[in-house]
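Heads up: the structure comes next, in structure tokens.
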Number of protein chains: 2
Amino acid sequence: MSPRPSAGDRPGSGRRVPDATVARLPIYLRALFDVSDRERTVSSERLAALAGVNAAKVRKDLSYLGSYGTRGVGYEVEYLLFQISRELGLTRDWPVAIVGVGNLGQALANYDGFSARGFRIVALVDADPAKVGTVVAGHPVTHIDDLPALVESAGIAIAVIATPAEVAQDVADRLAEAGVRSILNFAPAVIAVPPDVTVRKVDLAVELQILGFYQQRDGTHPGVGQKASG
Amino acid sequence: MSPRPSAGDRPGSGRRVPDATVARLPIYLRALFDVSDRERTVSSERLAALAGVNAAKVRKDLSYLGSYGTRGVGYEVEYLLFQISRELGLTRDWPVAIVGVGNLGQALANYDGFSARGFRIVALVDADPAKVGTVVAGHPVTHIDDLPALVESAGIAIAVIATPAEVAQDVADRLAEAGVRSILNFAPAVIAVPPDVTVRKVDLAVELQILGFYQQRDGTHPGVGQKASG
DNA sequence: CACTGTGAAGAAATTCACAGCT
DNA sequence: AGCTGTGAATTTCTTCACAGTG
């Protein structure tokens, strides 16, 4: 019996959720969504199987959000979906801009997964005059010089960089300057940003190289399920 | 035979390199490549700045590969490039197949980063008869039923899944059956594979959701540089 | 001296194991 | 009984700090 000074039950803003847990919440969300029309509750064991992790991890992760399960029963799918969505900020709408309308940018613009949950692509941006004015995936392409006005008027807080590596830093500078606070960077370059801007990097080639390592070594890979980004 | 059960000193790529280190080696590789035509040596401090990590981590990471630096001087760029490439298995050629020739599959097929280092896209595969026979990014699209023959003849060990989520598991089954040992999964689904197959998952929407979390919370993000996948 | 390489300390993440609720 | 929630143990990763070397 140790009346530890607990983190406090303040849903919405308070509790500190470990980074590793944050990175898994979207996985749980998807798994829950997939079974939401078939199952009313899930056990940590079941959710673990769906998400490709182990049950103890699921329970620990979810415990950071609060006590949303019922002992002897499990977690109510709909309720948990809502709680995780809320924790991830998906109950509100996030206007997103994609900078760089090349192959990748277009693929991203057409990717349903983005618009699916909370993220709404509101602008495509490019520096190429030939592309500006054309319509891709239902969105007119805007010139990058109009970024500040765009960010302001559409309330864009999150942007995706899908440009060549050479211009990624310049784009990041412009985005930060325009007021964008979070950047998802697909360009194969490390970019520097002010401390109040968050960057996440996804490098397609890096993922292959990591696979290559385990493949050449002996075919052994870390963990039982798949390694997701985090 | 070997007195030590696992983690022995295998010939070719010796000591046990931690997963976290493996995930960073491609970043160092890219950074080194970027400066290779301008600088002959780099210090751990310099490389750290280029890669967006701290110097102690660079030294520790590189120490797992061997003692490739020179005290008082730093690391010779070319030599380190070679050593990391070798560790990642990039000195050999990896034939890669992309399954799913939708927007994302096409973007990946056109992505230079893949072919840039060791990975050579040798086949595009789809189930849609309308796509089979067409040419995308210089590669004819093959029907998925021909996968076993293709894997066999081209010596494909690594494949990329860029299909809708619904068919990802079926594709994974076929890939494993055909003899593919490593899979990079872009489909938003957790897939099950035999234990001798490695899966890495990249989920574009998940990355945005993680950003969303930190954005809504208070704009604070983990670490100083960008969080890469790993 | 300048910088690497590395034990050791510290922090974070994972897993165990079981008390406690329904 | 069944399953969650969580302290505690364990493992992994990061950072420190400095001995050692070109």
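The values are calculated or read from the model by the stated rules, or taken from the named source; none is laboratory data. Every value quoted in this text rests on a predicted model; they were computed, and no experiment measured them. All Cβ positions, glycine included, derive from the backbone under ideal geometry; neighbour counts span all protein chains shown.
From the set of residues in region A:45-67 that are within 23 Å of the chain's Cα centre (by Cα) and among the hydroxyl-bearing types (Ser, Thr, Tyr), which is nearest to DNA strand D (Cβ to nearest atom)?
A:Ser63
Restricting the search to region A:35-67, which residues are assigned to a helix (DSSP H, G or I), surrounded by fewer than 16 Cβ atoms within 10 Å (Cβ to Cβ) and of a type in the set (Asp, Glu)?
Answer for region A:35-67, where residues must be assigned to a helix (DSSP H, G or I), surrounded by fewer than 16 Cβ atoms within 10 Å (Cβ to Cβ) and of a type in the set (Asp, Glu): just A:Glu45.
Assess whether B:Val73 counts as being within 30 Å of B:Thr163 (Cβ to Cβ), more than 14 Å from chain A (Cβ to nearest Cβ) and either away from DNA strand D (no atom under 12 Å from the Cβ) or not polar (S, T, N, Q) (or both). Show your work before the answer.
Working: within 30 Å of B:Thr163 (Cβ to Cβ): no; more than 14 Å from chain A (Cβ to nearest Cβ): yes; either away from DNA strand D (no atom under 12 Å from the Cβ) or not polar (S, T, N, Q) (or both): yes.
When the stated conditions are applied, B:Val73 does not pass them.
Are any of the residues in region B:153-162 free of Cβ contacts under 8 Å to residues at least 12 places away in the same chain and in a helix (DSSP H, G or I)?
The answer is yes, given that some residue of region B:153-162 is free of Cβ contacts under 8 Å to residues at least 12 places away in the same chain and in a helix (DSSP H, G or I).
For region B:103-128, enumerate the residues that are more than 8 Å from chain A (Cβ to nearest Cβ) and surrounded by fewer than 24 Cβ atoms within 10 Å (Cβ to Cβ).
Restricting attention to region B:103-128, the residues satisfying the condition of being more than 8 Å from chain A (Cβ to nearest Cβ) are B:105, B:109, B:112, B:115, B:120-128.
Of everything in region B:103-128, those that are more than 8 Å from chain A (Cβ to nearest Cβ) and surrounded by fewer than 24 Cβ atoms within 10 Å (Cβ to Cβ) turn out to be B:Ala109, B:Asp112, B:Ser115, B:Arg120, B:Ile121, B:Val122, B:Ala123, B:Asp126, B:Ala127, B:Asp128.
Identify all residues within region B:197-221 that are under 23 Å from the mean Cα position of the chain (by Cα) and either modelled with pLDDT under 70 or under 18 Å from A:Phe186 (Cα atoms) (or both); write none if there are none. Break it down stepwise before answering.
First, the residues of region B:197-221 that are under 23 Å from the mean Cα position of the chain (by Cα): B:197-211.
Matches in region B:197-221: B:Arg200, B:Lys201, B:Val202, B:Asp203, B:Leu204, B:Ala205, B:Val206, B:Glu207, B:Leu208, B:Gln209, B:Ile210, B:Leu211.
Among (1) of a type in the set (Gly, Ala, Ser); (2) within 18 Å of the chain's Cα centre (by Cα); (3) more than 24 Å from B:Ile210 (Cβ to Cβ), there is one condition A:Gly138 misses while meeting the rest; what is its number?
Single failed check for A:Gly138: (2).
Please specify each residue of region A:45-57 satisfying the condition of being more than 9 Å from DNA strand C (Cβ to nearest atom) and farther than 14 Å from A:Arg30 by Cα.
Going residue by residue through region A:45-57, those that are more than 9 Å from DNA strand C (Cβ to nearest atom) are A:45-52.
Within region A:45-57, just A:Glu45 meets the criteria.
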